[in-house]
Each structure stands twice: as structure tokens, then as C-alpha cells.
1. Check the straight Cα-Cα distances from Lys435 and name the lysines below 17 Å, setting aside those fewer than 8 residues away within the same chain.
2. Relative contact order, percent, of the range 384-505 when contacts are C-alpha pairs under 8 Å separated by at least 6 residues?
3. How many nm separate the modelled label positions at Ala277 and Thr352, each set 7 Å beyond the Cα in the direction of the Cβ?
4. Solvent-accessible area of His341, probe 1.4 Å, all protein chains present, reported in Å² to the nearest ten, please.
5. Computed over the Cα atoms, what is the radius of gyration of the range 114-196 divided by 2.2 N^0.38 Å, N being its residue count?
6. How large is Rg over Rh for the range 151-208, taking Rg from the Cα atoms and Rh as the Kirkwood inverse mean of 1/r across Cα pairs?
7. Which entries of Lys272/Lys372; Lys52/Lys372; Lys35/Lys161; Lys175/Lys324; Lys35/Lys269 have Cα-Cα distances beyond 24 Å here?
8. Which order do the peptides 423-429, 318-324 take when ranked by the mean count of other beta-carbon atoms within 10 Å per residue, highest first?
Amino acid sequence: MDTHPNESLPGEDEVQTFADTATHKVGSSAPLYAKREKIHPKRAEGRFRRLKWIIMAITLGIYYVTPWLRWDRGPYAPDQAVLVDLANRRFYFFFIEIWPQEFYYVAGLLVMAGIGLFLITSVVGRAWCGYTCPQTVWTDLFLWVERAVEGDRNARMRLDKAPMDAGKLVKRVTKHAIWLLIAVATGGAWIFYFADAPTLLRDVVTGDAPFVAYGTIAVLAFTTYSLGGLMREQVCIYMCPWPRIQAAMLDEDSLTVTYNDWRGEPRSKHQKKAIAAGEPVGDCIDCNACVAVCPMGIDIREGQQLGCITCALCIDACDGVMDKIGRERGLIAYATFRDYHDNMEEATNPATGRIEPARVRDQSGRFLPGLKHFDWRIIFRPRTLIYFAAWAAIGLGLVTALTLRERLQLNVQHDRNPVYVTLKDGSIRNGYTVKLLNMVPEPREITLSLEGLPGATMHVPDLGLDNVRSVDVPVEPDLLRQIKVFVSQPGDKVENGKTGFDFLAKDVGSDEADRYDAVFEAPEGR
């Protein structure tokens, strides 16, 4: 008989176990690879399950909806809020525009993501894996479809054992068809981040999209379908490196999903009979509810395991059972190893080495005051504060750099051959390639002028100007304009060798400017 914690529960001496539980153990004694035992997670109910539903809705909503959000950048830039424009080498994120030479912003965000992952792990273990990892989110979605089509755990187990008939075939085809639709939608949503979404959707439907678009949809559809629908927990156990890395991020004060055997042992399915016989009895009634709801198929009562993603569904299942048998919640709970260890010392008889429930409860059944419980202040310890300080410092640096960055850039290259030319009137001329980068989505008039180099003038053949100290250069929106500039200085004012001077570029409509330190070459020993 399969008993859900939120369904009617038999008396304590009639409690049945969850039959045929697929307990895929991935602890330290597990082989390097084991043939997959199919897992049929039971639907859980409780605060952590509701939190997972909320996070799943938010993350999937962000993924599927974001490419369709509009953001007005004027007539010279795309109006898609989030766009990776590979053709023009731009990344647009609402009011932020990132150029290729500004990739350090993306690198900074990746570093922040890494430190943030370390921070979250050091505080609440593998919460990323249990709630926001794409593998977890899409697997949760596929499991929801599976339950909707085939039923909950017992119904799916019976269906697996049943011979193939019309009813079973219809359910299987329906389930896999919905999975494929989700997978295709996942791949389709991804390509919309790289082009104007409405235009690309029309091209995809009419067959006018480039081959790379269809190829990307096919690859991502296959991976989503296979990883989220077929492989599921195998991805976390055998393919993902994070379970093996995260142990280095944990310490004795990190919160992890823990079975508190100091209050649960010794287990008994028939507590009333055991109590009547004078036997010590813990709170765990060995109903296996925690195992039945686990999407990884592990038994949290066996301790910390590689397969545990700390999704906390076992907490919901156990709390439901505790409510029904009139015991305090928290037999399975988020706890630190330090608190667990201290409580184990309280509950264990040093003479026998056995856990004795009477050592942690008084005669009325209440917990003794010496037991350790969660204290939110444990979050603010040196390790987490260092992680947070590093994360915040990088974020503050990125925001500061983004706020203060110049949207006008000037770059100058001196001609290499010839380095200088002596004109017939005795003046010396140097050639330069001047690059003006307009990094705003609107046209600008840029004034290019000389500072220093007495008596020098510019000849700008691209604009038909000669013998000027400054020139107005129109630059198109979000573009780089390159012009040729020849700088000449009268012979009587030329200094021997190299002389430093500046090119100054200034936006006519604002105070934004950029300066480039250039060198004027002349012959030695004149």
C-alpha cells in the first residue's frame, strides 16, 4: 500500500511502508557506474514544494518571455530588450549596450556568478541544484507532465509493469509528444535571443530562417528531451561536476538537508507495540515517505550522499507524516553539521554508544532545552561574509565602470612607411589613421582637434579640408568612422626626433570627450 503523507494515515501499529521504492544509492560505497533503476517520484506537498513551483514558474517565464520584451532605443538601434547581436557584435540588455572590447563586463558577471554559487553553497548547500539549475527546472516540468498524463507514483509503477495495450500506448505517446513540444519550444526560445524575435519566428514558420536556426533548435530540443525527460537524475550523478566540487564549499556551519537520527532512531513501524513492550522508540516510523518523493531516489536517512540535491521535498513529506502522528516537525530538516553533532552527543549513551530517545525528551515528551536548533545568525560568519564582500565588490566595480564609461572613443595609428615626409616648403608631414567610435544609438558630430605641436595643421582628404586645427566629423550611430589625417608642421618650428602632442575628440552636443597621446616624427640633427 502506498501512503502519501497528506492522505489518511493508518494507526501507528498499522503503518505500511512505501512498497517497491527505487532507492538509487549514490553514497561513497556505490560503484563508479550503476545501471539505472527507474525512479517514480511521488508528488510532494508542503512549503518547499510550493517554493519549487514558484521558482520554476519564474525561471521558465524569464527564459521563454524575455526575447519578446521590447525596449525603445530610438530609430537607430534594435528595440528588443535582451539581444545578442552577433552580426553587429553587440549585446543589448535593456538600457545597457556592450561592445566586443567591453567583454570584461560579461567576464565580471561570470565571476560574480561563480562567487555567488560559492556563497549560496556555503550557506544552504546545493540549493542551486535543488531549485534553480536548468536540469532541475526542466526535469520538474517533465515530471509534472508525466504525472498529469500517467498519474502519480503508484499509477506510473503499475503502468510500467502492465503489458502494452491501446490505453498504455495512448498515454506514452501523449507524454512524449508533450515532452517534444516543450523541448522544441526550449530550443526555439534560445534562438530568439540572437535575432529580432517576431521576425525570426515568422522566418522559422515560413521556412526562410537560416539553417543554423533550425540546427540550433534541433540540438537543443534533443538535449532538453533526453536530459530532462529520459536521463533525469543520471545527469546530476554522472555528468555534472558540481556534486563533487561542492563538498569543498561546505563547512560545519553550512545548512544541509539532514535526517536527525538523534531523534528518529531507533525506527519502528509499530510504535505502540514497541512502547508497550518497553522498547526505546524514535520518531521515525520507517514509512519511506521521504524516499518516495525524492527525485533522485535516495534515502536521506543514510546520511549525506552524492545524489542529494537538497530540494527539501523529503522535509515536506516527513513533516506531513509527523503532523499525522502528533510529533514535532523537523525530523528531516535543514541543519548544520555542528548542531547535528552536538545533538547526537546529547542523544547517545556514552556507555552503550546507542541513541536513546529518553535522553532528548522529558517525561511529557518535549525536547530538552539543551538541544541545538537553527539560528539565523549562523549565516553571518566570516566565510560567508568574505564571499559576500568579494561578490559585492565586483558588482560595485562593474556598476561604477558602467556608469563612468565613455561612449566616445578615439584611437590613432601612426603611418609606418613613410614615418614622415619633408615637403617642398621645408615643413614636415606625418600621416595618421584616426578612428572615431560612436557608442550611442544616435548620430553625433565629433570635433577632432590638435593640442600642442605649435603651428601644426591638419589635412583631411576624406572631408576635403586643409590647413585646419580642428574639424567636425559626422559619425553614424553605433559605428566606427575611420579617416585619414595628415599633420604638417612648419620647418622652423619642428623639433628634432619625436615630439608628443594630443588628438582631442569632443562631442559637439555634449561634454563627452576622449584624448589620444600621439607622436610627431621628424628627422634627427636638423
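The values are calculated or read from the model by the stated rules, or taken from the named source; none is laboratory data. Worth saying up front: this structure is predicted, and the values here are computed from it rather than measured. Backbone-built Cβ (ideal geometry, glycine too); neighbour counts: all protein chains shown. For accessibility, only protein heavy atoms count, side chains too; no ligands or nucleic acids. Shrake-Rupley method; radii C 1.70, N 1.55, O 1.52, S 1.80 Å.
1. Lys484, Lys506
2. Working: 214 pairs, mean separation 34.5, N = 122.
It rounds to 28 percent for the range 384-505.
3. Between Ala277 and Thr352, the simple spin-label model gives 1.4 nm.
4. 80
5. Details: Rg = 17.7 Å, N = 83, 2.2 N^0.38 = 11.8 Å.
Compared with the compact-globule rule of thumb, the range 114-196 sits at 1.50.
6. Numbers: Rg = 17.7 Å, Rh = 14.1 Å.
With Rh from the inverse mean 1/r over Cα pairs, Rg/Rh is 1.26.
7. Lys272/Lys372; Lys52/Lys372; Lys175/Lys324; Lys35/Lys269
8. Numbers: 423-429: 13.6, 318-324: 21.4.
Ranked from most to least packed, the peptides come out as 318-324, 423-429.
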